[in-house]
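Here is the structure we will look at.
The values are calculated or read from the model by the stated rules, or taken from the named source; none is laboratory data. Since the model is a prediction, treat every value here as computed from it, not as a measurement. Neighbour counts are summed over all protein chains in view; Cβ atoms, including those assigned to glycine, are modelled from backbone coordinates with ideal geometry. The accessibility values were calculated without ligands, DNA or RNA, using every heavy atom of the protein model including side chains. Shrake-Rupley method; radii C 1.70, N 1.55, O 1.52, S 1.80 Å.
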Amino acid sequence: MKVLVGPNPMGLERALPEFREAYPEATFEHCAAQADLVDAIADAEVYAGWLNADVFAAAGQLKWVQSPSSGVNYFLQIPGFIESDVLLTSASGTHGACLAESALGMIFAFTRGLRASILSQKQHEWKNGSIRPTMVELTGSTLGIVGFGAVGRALAKRAQAFDMRIVATDACPGDKPDYVAELWEADRLGDLLRQSDYVVVTVPYAPQTDGLIGAAELSLMSPSAMLVGISRGGIIDQVALADALREGRLAAAALDVCKPEPLPADDPLWDVENLLLSAHIAGGTQFEGAHVTDILRENLGRFLRGELPLRNQVDKDRWF
């Protein structure tokens with residue numbers, strides 16, 4: 001059995017010597033160049049890395065794909081992938097802490113005057129009198145978390161330290177931590193939007209979450225509220241968001257994810273004054289490679305022993 005590690009920025013190939021020693025019955029290879037991937041994957045049964053349609057079409061013996069990312073919508077949008085017998089596992093749980101920190105950082109950029117200070121620094125302007133009166137504490141405010149999986153739970157755990165009231169929705173809510181005031185089914189999204197001062201969207205992209213936050217949902221939010229998107233583009237209607245920001249129906253927003261990516265240079269989002277954009281970087285962490293390697297290590301053992309389901313195995317019909 002051939003196990004192939006594809007091109008990746010996190011050094012997953014560094015674990016190959018360990019894997020070769022632990023599983024001598026398998027062959028482990030690393031393909032470092034995207035241009036070589038079609039040939040390299042042709043006889044692979046296991047693949048760790050990202051795919052496109054051409055690479056998947058060449059993978060005639062593929063049985064299992066380990067995604068290096070928590071989101072798997074890019075795999076499921078490949079023609080024929082959902083219908084195939086190929087197992088898919090995600091890196092869910094890997095990016096909880098870093099995404100939670102990024103979401104809070106985006107909120108602080110506005111509430112603590114950081115964004116305004118960076119902009120005024122470029123102009124060599126000392127704006128104490130105009131920035132300081134706009135600053136607010138998070139104390140006593142309500143944080144609404146749309147999607148209470150690994151990322152949502154990591155965010156709630158950190159937000160409690162700022163004395164925030166926390167409410168959340170999820171399609172499969174699970175257990176409610178004591179520091180979360182309300183954990184509702186997904187159909188209570190409207191209640192969450194009405195109550196929240198800050199809304200962070202962490203749900204994965206799936207057909208059922210496409211356009212989840214549109215004009216109607218934005219109209220439920222307070223004009224003083226802020227919206228943050230950190231999971232995948234396409235969940236928040238970007239045109240409706242830009243309109244709400246320009247018209248003062250929403251105070252601020254931050255997006256780490258957009259549709260499409262990269263965001264075209266002429267996209268109107270770049271010029272929305274009270275919108276902070278980052279280039280899908282929120283999942284960055286020095287621990288990323290180690291976390292994904294841990295999942296791959298565990299799943300290799302399970303796969304070779306025939307122990308299913310694998311860790312983070314995706315229900316391809318549900319997209320998560």
Query raised in the report: Which of the residues spanning region 1-22 are over 18 Å from V65 (Cα atoms) and not small (G, A, S)?
Result: R14, P17, E18, R20, E21
Query raised in the report: Does P173 satisfy being of a type outside the set (A, V, I, L, M, F, W, C) and in a loop (DSSP other than H, G, I, E, B)?
Result: yes
Report task. Within region 97-107, identify whether any single residue is of a type outside the set (S, T, Y), out of contact with any Asp or Glu (no Cβ under 8 Å at 6 or more places or on another chain) and open to solvent by 50 Å² or more (accessible area, probe 1.4 Å), and answer yes or no. Result -> yes
Query raised in the report: Would a scan of region 221-233 turn up a residue that is in contact with a Cys (Cβ under 6 Å, 6 or more places away or on another chain) and under 30 Å from I82 (Cα atoms)?
Result: yes
Report task. Collect the residues in region 108-135 that are farther than 16 Å from L276 by Cβ, touching a helix residue (DSSP H, G or I) at 6+ places or on another chain (Cβ under 6 Å) and open to solvent by less than 80 Å² (accessible area, probe 1.4 Å), keeping them in residue-number order. Result -> none
Requested in this report: Take region 28-61 and flag every residue that is open to solvent by less than 70 Å² (accessible area, probe 1.4 Å) and in contact with a strand residue (DSSP E or B) (Cβ under 8 Å, 6 or more places away or on another chain).
Outcome: F28, C31, A40, I41, A44, E45, V46, Y47, A48, G49, L51, A59
Requested in this report: Please specify each residue of region 162-176 satisfying the condition of being open to solvent by less than 70 Å² (accessible area, probe 1.4 Å) and basic (K, R).
Outcome: none
Report task. Take V257 and decide whether it is touching a His at 6+ places or on another chain (Cβ under 9 Å) and either open to solvent by less than 50 Å² (accessible area, probe 1.4 Å) or closer than 19 Å to I107 by Cβ (or both). Result -> yes
Query raised in the report: Considering R158, R165, which residue is under 21 Å from F108 (Cβ atoms) and within 21 Å of the chain's Cα centre (by Cα)?
Result: R158
Report summary line: Reported set for region 281-315 where residues are closer than 24 Å to A103 by Cα and not β-branched (V, I, T) is A282, G283, G284, Q286, F287, E288, G289, A290, H291, N312
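What helices (runs of 4 or more DSSP H) completely inside region 1-100 contain at least 1 residues that are under 24 Å from E307 (Cα atoms)? Spell out how you get there, then give the answer.
On the way: elements: 16-22, 37-40, 53-58, 73-76.
Because the criterion is at least 1 residues that are under 24 Å from E307 (Cα atoms), the helices (runs of 4 or more DSSP H) in region 1-100 that meet it are 16-22, 73-76.
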Query - Residue pairs meeting the criteria (Cβ under 7 Å; at least 6 apart or on separate chains; first farther than 12 Å from E288 by Cα, in region 91-117; second open to solvent by less than 40 Å² (accessible area, probe 1.4 Å) and hydroxyl-bearing (S, T, Y)) - result: I107/Y198
Query raised in the report: Out of the residues in region 271-300 that are farther than 30 Å from I107 by Cα and free of Cβ contacts under 8 Å to residues at least 24 places away in the same chain, which is surrounded by the fewest Cβ atoms within 10 Å (Cβ to Cβ)?
Result: E298
Query raised in the report: Could you give every pair whose Cβ atoms fall below 7 Å, whose first residue belongs to region 138-149 and is farther than 20 Å from A109 by Cβ, and whose second residue is open to solvent by less than 10 Å² (accessible area, probe 1.4 Å) and small (G, A, S), counting only separations of at least 6 or pairs across chains?
Result: F148/A168
Report summary line: Among residues of region 191-208 being assigned to a helix (DSSP H, G or I) and open to solvent by less than 20 Å² (accessible area, probe 1.4 Å), the residue farthest from A253 (Cα to Cα) is L192
Requested in this report: Answer with yes or no whether F148 is in a helix (DSSP H, G or I) and either at pLDDT 95 or above or more than 22 Å from L220 (Cα to Cα) (or both).
Outcome: no
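Which of the residues spanning region 209-238 are surrounded by fewer than 18 Cβ atoms within 10 Å (Cβ to Cβ) and in contact (Cβ under 8 Å) with a residue 12 or more places away in the chain?
Listed by number, the residues that qualify are D210, G211, G214, A215, S219, L220, S222, P223, S224.
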Report task. Taking A242 as meeting all but one of (1) open to solvent by 50 Å² or more (accessible area, probe 1.4 Å); (2) over 21 Å from E101 (Cβ atoms), write down the number of the exception. Result -> (1)
